[in-house]
Structures are given as C-alpha cells and as structure tokens.
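What follows is a short report on a single structure.
The values are calculated or read from the model by the stated rules, or taken from the named source; none is laboratory data. Quick caveat, the model's predicted, so the values are computed rather than measured. Positions of Cβ are generated from backbone atoms using ideal geometry, with glycine treated the same way; all protein chains shown enter the neighbour counts.
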Amino acid sequence: MNMKTIGIVSANYVSGNFGELTNKRTLASIPFGGRYRLIDFALSNMTNSGIKTVGVIAPYNSGSLIDHIGVGKPWSLDRKTGGLFVMPGSIFGVTLTGNRFLMRDIAANKSFLEMDDADYVVVTGSSDVCNIDYTPIIEAHAESGNPITIVTKKVDNAEDYRGFFVTKDGNGKVTEMVTHAERTADYFMDCFVIDRKFMIEFINWFGALDYMDVMDIVSQNLKTISVGSYEFKGYFGKISNLNDYFKVNMQLLDPKVMNEVFGSDRTIWTKVQDEAPAGFKPGSNVRNSLVAAGCEIEGTVENSIIFRSTKVAKGAVVKNSIILQHGDIKKSVKIDKAILDKYVTVNEGVQITGGEAPIVIGKSKSI
C-alpha cells in the first residue's frame, strides 16, 4: 500500500508525581536508561516506521526538550522536505496523569495537518517506553475503514494504571472506554492512527471543547465515531509517576526486556555525546547494572543504572538506585533505593536510603 503518514508527538503534559525530576525539565525530557531521554522512544518509533514528517507539541517551558531534540538530526529529521516541526503548546498544558492530547493543542496546530497531503496521522504521547513498528498498525487501520484506530496493550494489575481501558467487540471495534479497570484489561497506550482529513473535521466539530482531551471526546462519541483497535504484544513500560519511572528503568536489568527494547533492528536514537568507555578500576565490584560511557567506577554498584560521566569512589556502595549524568559519589558513601539527578555530589560518608518509594535528590545539589 502507498500510505503517506505524518506524525504528531504530544509533549505538552506534566504531572506533579515526579518530584524534583520535573522541576527544571519537561516529562518528555527526563533522562532514561543510562543515556536516553523519554522522548527518544516516540521519535525513534516514528522514523523507524518510515514517517519523515513529525510535529512535536512542546510545552511553554521547553528549554531542556529543545536542547535535546534540536533540529532532529539523530532521528534523520533534519531534512529539506518534511522533517521535524516543533509546535507551540498551550501554557495551560494537561496536568491530569491520564490525559495526553489536549484539544486546545491539536486545534492550535491545525495548519500542520492542512499543509500536508498525507493520508494518515500517527499521534502518540512522549513519556512511555516501547519499541513499536507503526507500519502494520497503519496497514490495519487503512484496511479497516475506521477513521480512528487506537493501539492497546493487555495488562495485568490494571488498577495500577492511569488512563483509558477499552472494551472491544469481536471485530476489534471499540465499544466502550473507561478510566478504571481491575485485574486484566485492554489498556490504551496513548497512541492512535487517524485519517488526516477526518482529524481536520474533528477539530472543526469539537474545537469549542478545547479544554478537553481528544480521547475524552472520542470516548463520549463512540456511537457516532467508529473506532478500531490494534493490540500491541511487545514490551510496554508505562511511566505515569516516580515509582513507574524507577520500576521501568530497573526492568532494563532484565536481559529479555533490554533485548526487546534495544536489541532489534529498530534502533532507539538519541542525541550523540561522544565520551570514553566506562572505566572499572581494580577493586571495583559491579553486578547486574547498566553503566554508561564516561563513568569511573572504583566502588561497588549493584542493581543500578549509572548515567554518563558519573564517578563512584573507592569504598562507596550504590544499590538499587539511578544516578543521572555527572554524579560524584565520594568515598564511603552508602546509597540504596535513590534517584540522584544530574550533577549531584554526595560527600564522603553520607548515607542515602529510600523507603517504599525511592528518595529523590534534586539537580546540582551537594549533600
């Protein structure tokens, strides 16, 4: 099939559930997995699926996001035709955990849809972790004749998820969308394919409801809007709060998850930062951990994610923790179940221990 498709990545949403990690950055630009940012997955999934025109709806405080994505070169979006478009989002971005697609943001960027002749639009959030090929989803959408196809994932412990759960008929058509479910349920992955012309009509019909989320509108109009579904069966890491962020990072220590997210021919691209390989000094002890380039390890690291250019001194012990870029962990420090933001210095002899939830130390602090 010859199906021209463009993409929209919604990054204009935030939550108060990430503590100091989102004090000076957007949710989409939170570092992840030793060297990435969360938005890398959305952009990589687009370009790996052959989508060459992508609009990113950015929040008003988008400095960290713009610094990271630039003109889109890591994702081959720095092109004369199509490429990366950074589009303005409302200053009153979505703050509810389950909402991603504010109607006000979509309507304000209607011109992005009108200037292209694409058949379809892939719309996705920017804070979840998965490696997904949109090609078969677009094909299924085209064959279905439905104006919208949403992507779902069957999840256990549905009560732990925020967002929409869907009920389908025997043909995969969505008959109901609700915000609460228990046990096993079909979860909306904050991703859908929509006919471009229908999306423009949708904006014209419901533009006055600019305070609502697009999916709220769709869920209330299922009798008049035919919505299909496509079940994704790969790994999906939902990040809605600090505990999710910690859990999904730690799941990368499982080789099966790591291979599914990063081991395929669909590379997850990110901003290049050339650094020397990690150095492990005599006497260091590293077990079941990810240690990024530029690190110097003399102490003990267990079950942890250590980002670029972090130093762990002799006698220091880091367990069950995430240390972001340029951390400086001095001698005899003990860290367990903590998240340290960029440029944090932990001075000699200090102990940091989280409880049921990880403790967070804000950017550039010295403790």
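When residues of the range 213-231 are filtered for being surrounded by fewer than 17 Cβ atoms within 10 Å (Cβ to Cβ) and closer than 29 Å to GLY16 by Cα, how many remain?
Total satisfying the criteria: 2.
Could you tell me whether any residue of the range 280-298 is within 30 Å of ASP186 (Cβ to Cβ), outside the structural domain of ILE39 (by TED's automatic domain parsing) and aliphatic (A, V, I, L, M)? Talk me through it step by step, then tell me what you get.
First, the residues of the range 280-298 that are within 30 Å of ASP186 (Cβ to Cβ): none.
No, the conditions are met nowhere in the range 280-298.
Six or more apart or on different chains, Cβ atoms under 7 Å: show the pairs whose first residue is in the range 236-265 and assigned to a strand (DSSP E or B) and whose second is of a type in the set (Asp, Glu).
GLY237/ASP128
Can you pull out the residues in the range 336-351 that are in a strand (DSSP E or B) and over 12 Å from ILE367 (Cα atoms)? Talk me through it step by step, then tell me what you get.
The initial filter retains those residues of the range 336-351 that are in a strand (DSSP E or B), namely 336, 338-340, 345-346, 351.
Across the range 336-351, the qualifying residues are ASP336, ALA338, ILE339.
When the residues of the range 113-147 are filtered to those that are touching a Gly at 6+ places or on another chain (Cβ under 9 Å) and small (Gly, Ala, Ser), which remaining residue is surrounded by the fewest Cβ atoms within 10 Å (Cβ to Cβ)?
Once the filter is applied, the top-ranked residue is GLY145.
Pick from PHE236, PHE262, PHE246, PHE232: which is more than 19 Å from LEU43 (Cα to Cα) and aromatic (Phe, Trp, Tyr)? Step through it out loud before you land on a result.
Values: PHE236 fails: more than 19 Å from LEU43 (Cα to Cα); PHE262 fails: more than 19 Å from LEU43 (Cα to Cα); PHE232 fails: more than 19 Å from LEU43 (Cα to Cα).
Within the list PHE236, PHE262, PHE246, PHE232, the selection yields PHE246.
Given the residues ILE51, ILE57, which is the only one that is in a loop (DSSP other than H, G, I, E, B), more than 12 Å from the chain's Cα centre (by Cα), closer than 23 Å to ALA108 by Cα and in the same structural domain as VAL86 (by TED's automatic domain parsing)? Don't jump to the end; show me each part of the working.
On the way: ILE57 fails: in a loop (DSSP other than H, G, I, E, B).
That would be ILE51, the only listed residue that is in a loop (DSSP other than H, G, I, E, B), more than 12 Å from the chain's Cα centre (by Cα), closer than 23 Å to ALA108 by Cα and in the same structural domain as VAL86 (by TED's automatic domain parsing).
Could you tell me which residue of the range 94-143 is farthest from THR5 (Cα to Cα), considering only residues that are part of a strand (DSSP E or B) and aliphatic (A, V, I, L, M)?
At the first step, the residues of the range 94-143 found to be part of a strand (DSSP E or B) are 94, 102, 120-124, 129.
Cutting the leftovers down to aliphatic (A, V, I, L, M) gives us 94, 102, 121-123, 129.
On the way: VAL94: 26, LEU102: 21, VAL121: 5, VAL122: 7, VAL123: 11, VAL129: 22 Å.
Looking at residues that are part of a strand (DSSP E or B) and aliphatic (A, V, I, L, M), I get VAL94.
Quick one: which of SER219, SER226 is of a type in the set (Ser, Thr, Tyr), within 20 Å of VAL122 (Cα to Cα) and in contact with a Phe, Trp or Tyr (Cβ under 9 Å, 6 or more places away or on another chain)? Steps first, please.
Working: SER226 fails: in contact with a Phe, Trp or Tyr (Cβ under 9 Å, 6 or more places away or on another chain).
Going through SER219, SER226 in turn, the sole match is SER219.
What single numbered condition from (1) surrounded by 24 or more Cβ atoms within 10 Å (Cβ to Cβ); (2) more than 20 Å from LYS24 (Cα to Cα) fails to hold for GLY327?
Of everything listed in (1) surrounded by 24 or more Cβ atoms within 10 Å (Cβ to Cβ); (2) more than 20 Å from LYS24 (Cα to Cα), GLY327 misses just condition (2).
Could you grab the pairs with beta carbons closer than 8 Å, sequence gap of 6+ or different chains, first residue in the range 158-185 and aromatic (Phe, Trp, Tyr), second one part of a loop (DSSP other than H, G, I, E, B) and surrounded by fewer than 17 Cβ atoms within 10 Å (Cβ to Cβ)?
PHE164/THR179; PHE165/THR179; PHE165/HIS180
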